[in-house]
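Below is one structure, written out as structure tokens; the observations come after it.
The values are calculated or read from the model by the stated rules, or taken from the named source; none is laboratory data. Small disclaimer: the values here were computed from a predicted structure and weren't measured. Using ideal geometry, Cβ is built from the backbone for each residue, glycine included, and neighbour counts are taken over all protein chains shown. These area figures cover heavy atoms from the full protein model, side chains too; ligands, DNA and RNA do not enter into them. Shrake-Rupley method; radii C 1.70, N 1.55, O 1.52, S 1.80 Å.
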Amino acid sequence: MVSTKRTEAAPLGRPGEGLLPSAPVPRARILVVDDEPNARAALRTLLAEEGYTVSEAADGMEALGILREQSMDIILADVRMPRMDGLALVRAAREEGIPGAFVMMTAFASVETAVEAMRSGAENFLTKPLDPATILVVLDKVLEKRDLARDAEQLRLRVQERYRIDSIVGDSAALQAIFDVVRRAAPTKATVLLLGESGTGKELVAQAIHQESPRREKPFVKVNCAALSETLLESELFGHERGSFTGAVGRREGRFELADGGTLFLDEIGDIAPSVQVKLLRVLQQREFERVGGTQTLKVDVRMVAATNRDLAGAVAAGKFREDLYYRLNVVAVTLPPLRTRKGDIPALVSHFIQRYAQSYGKHVRGLLPGTLNALLRYDWPGNVRELENVIERAVVLATTPDLTADDLPPVLSGPSPSHPRAGSFIPGATLREIEREAILRTLEVVEGSTSRAASMLGISARKIQYRLKEYAEQEGKPAHNEEGQPEPHR
Ligand SMILES: Nc1ncnc2c1ncn2[C@@H]1O[C@H](COP(=O)(O)OP(=O)(O)OP(=O)(O)O)[C@@H](O)[C@H]1O
Ligand SMILES: [Mg+2]
């Protein structure tokens, strides 16, 4: 914000100057509406000296004409004027949805006029003869109030527009939809089923659900159902009494008990044996169970989140997974899309992982050399985010310069690039679309993958960048030039 002459002007010996706020105010635009030329001139001098940009109008009609053309922060209007008076002006402006705060000036300091002015939509009023110090204080108040309202509105929009979970990086529409479900499901006790290929972030989302829930202070307990045999899994989940099976030495609490009050994350749920499926179904239905070899019925308060990279519906159809259990688990389902379908998340993920591993390995790596992001966007990422994370970790370890280069990437990624020559060297000679592509990719490299920062530098929306990245990803693999080396016509 620009500070104005106001701060220097304030100490000039004007009556009541002690009342003047000393904080600098932004240069606000003000329209003075008065049929008295002398009154307008006096106000103009006062306000201009304070750093306001002043316009004038001789009556309501003229003022309305000006307001339709350009917006004002404040309209300082006399009440009594020929043609259209001040109150009619406020009403007309409000009806037309013209922005700006009205401050009315009236010679008749009656309560009625004041009330009527406020009712018509005015923000404040001043009584004539005008006292310069009072005018300035009132105008300041009006601006301050407007700024507060504006800040509150911006905050509200920001909260509404973007819900973020710190640990989960990415701003693709797909992830936004997931944030939305997490935000709504987390506070409840509903069972959440997380689906998606390996490495897409299911465990991360499970943790986020716990973190965003009222249970966050209580345990988050994870059980990897695929890693344990049938017997061991049962005892792991429900605990066992002494000597209940070979190897059960002492009495042991199960994960359900450990997770009491918190969240139990059943990972690889698609792999559990039928006998355990039955027991799980009972806990889901009745929230009670017995330890293996035990008779006492235990009750727990546990929120369950389950995950699998298998096609669970397919397993149900094939008779491998109980249908009733499937429906119990599938109360809220979240499917994490593979990374190849949301390549727009790659720049942000890359910069997130560079930061993480530069720090943990104590290396000075800050970003990517131009062209490197292209290679990362071209690849299909069968191992999803986990594979990307591994590639970046490896690159950070190998890096000899502050910016990662294609040489730091594994061979599958560092192959010859079908990308275009760099901008500058190919203007003229490239289509506007190719130049746009270069501009977007190079800006992203400079801002370390932040689509929002790239968007503000390029003067376009972050959504558009996301959209373009998806397009580029889809176009990769298709030759960008035909045999003659002529650019292909763009569709
Ligand atoms: N959106 C993301 N932002 C930041 N890190 C992510 C994101 N998605 C995944 N990761 C990271 O990628 C790695 C793999 O994620 P995660 O373990 O959650 O995958 P998963 O879906 O559970 O895979 P699997 O089915 O193989 O168990 C983790 O290190 C995780 O932190
Ligand atoms: Mg996992």
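Specify which of the listed residues (GLU236, GLU268, GLU230, GLU290) is in contact (Cβ under 8 Å) with a residue 12 or more places away in the chain and crowded, with 20+ Cβ neighbours inside 10 Å.
Working: GLU268 fails: crowded, with 20+ Cβ neighbours inside 10 Å; GLU230 fails: crowded, with 20+ Cβ neighbours inside 10 Å; GLU290 fails: crowded, with 20+ Cβ neighbours inside 10 Å.
None of the other options fit; the residue is GLU236.
Going by the conditions given, is ASP324 under 33 Å from the mean Cα position of the chain (by Cα), more than 16 Å from ligand 1 (Cβ to nearest atom) and of a type in the set (Asp, Glu)?
Numbers: under 33 Å from the mean Cα position of the chain (by Cα): no; more than 16 Å from ligand 1 (Cβ to nearest atom): yes; of a type in the set (Asp, Glu): yes.
Against the criterion (under 33 Å from the mean Cα position of the chain (by Cα), more than 16 Å from ligand 1 (Cβ to nearest atom) and of a type in the set (Asp, Glu)), ASP324 does not qualify.
Go through the range 293-311 and report how many residues are without any contact (Cβ under 8 Å) to a residue 60 or more places away in the chain and open to solvent by less than 10 Å² (accessible area, probe 1.4 Å).
1
Do you know which residues across the range 385-403 are within 15 Å of ligand 2 (Cβ to nearest atom) and open to solvent by 70 Å² or more (accessible area, probe 1.4 Å)?
Once the filter is applied, which keeps residues that are within 15 Å of ligand 2 (Cβ to nearest atom) and open to solvent by 70 Å² or more (accessible area, probe 1.4 Å), the range 385-403 yields ARG386, ASN390.
Under 20 Å from VAL182 (Cα atoms), touching a Gly at 6+ places or on another chain (Cβ under 6 Å), within 16 Å of ligand 1 (Cβ to nearest atom) and modelled with pLDDT of 95 or more: which single residue out of THR308, THR263 fits that description? Reasoning before the result, please.
Numbers: THR263 fails: touching a Gly at 6+ places or on another chain (Cβ under 6 Å).
Step by step, each of THR308, THR263 is checked, and only THR308 is under 20 Å from VAL182 (Cα atoms), touching a Gly at 6+ places or on another chain (Cβ under 6 Å), within 16 Å of ligand 1 (Cβ to nearest atom) and modelled with pLDDT of 95 or more.
Among the listed residues THR191, THR200, identify the single one that is away from ligand 2 (no atom under 15 Å from the Cβ), modelled with pLDDT of 95 or more and of a type in the set (Val, Ile, Thr). Let's see the steps before the verdict.
Working: THR200 fails: away from ligand 2 (no atom under 15 Å from the Cβ).
None of the others qualify; the one that does is THR191.
Identify all residues within the range 203-237 that are assigned to a helix (DSSP H, G or I) and within 16 Å of ligand 2 (Cβ to nearest atom); write none if there are none. Outline the logic, then answer.
To start, the set of residues in the range 203-237 that are assigned to a helix (DSSP H, G or I) comprises 203-211, 225-227, 230-237.
Listed by number, the residues that qualify are GLU203, LEU204, VAL205, ALA206, GLN207, ALA208, ILE209, HIS210, CYS225, ALA226, ALA227.
Can you pull out the residues in the range 371-394 that are under 26 Å from GLU438 (Cβ atoms), assigned to a helix (DSSP H, G or I) and in contact (Cβ under 8 Å) with a residue 40 or more places away in the chain? Please lay out each step first, then the result.
Start the filter on the range 371-394 by keeping residues that are under 26 Å from GLU438 (Cβ atoms), which leaves 371-381, 388, 391-392.
From the residues that got through so far, the ones that are assigned to a helix (DSSP H, G or I) too are 372-378, 388, 391-392.
Within the range 371-394, THR372, LEU373, ASN374, ALA375, LEU377, ARG378, LEU388, ILE392 qualify.
Have a look at ARG287, ARG303 and point out the one that is out of contact with any Gly (no Cβ under 8 Å at 6 or more places or on another chain) and more than 30 Å from LYS464 (Cβ to Cβ). Outline the logic, then answer.
Values: ARG303 fails: out of contact with any Gly (no Cβ under 8 Å at 6 or more places or on another chain).
Only one candidate qualifies: ARG287.
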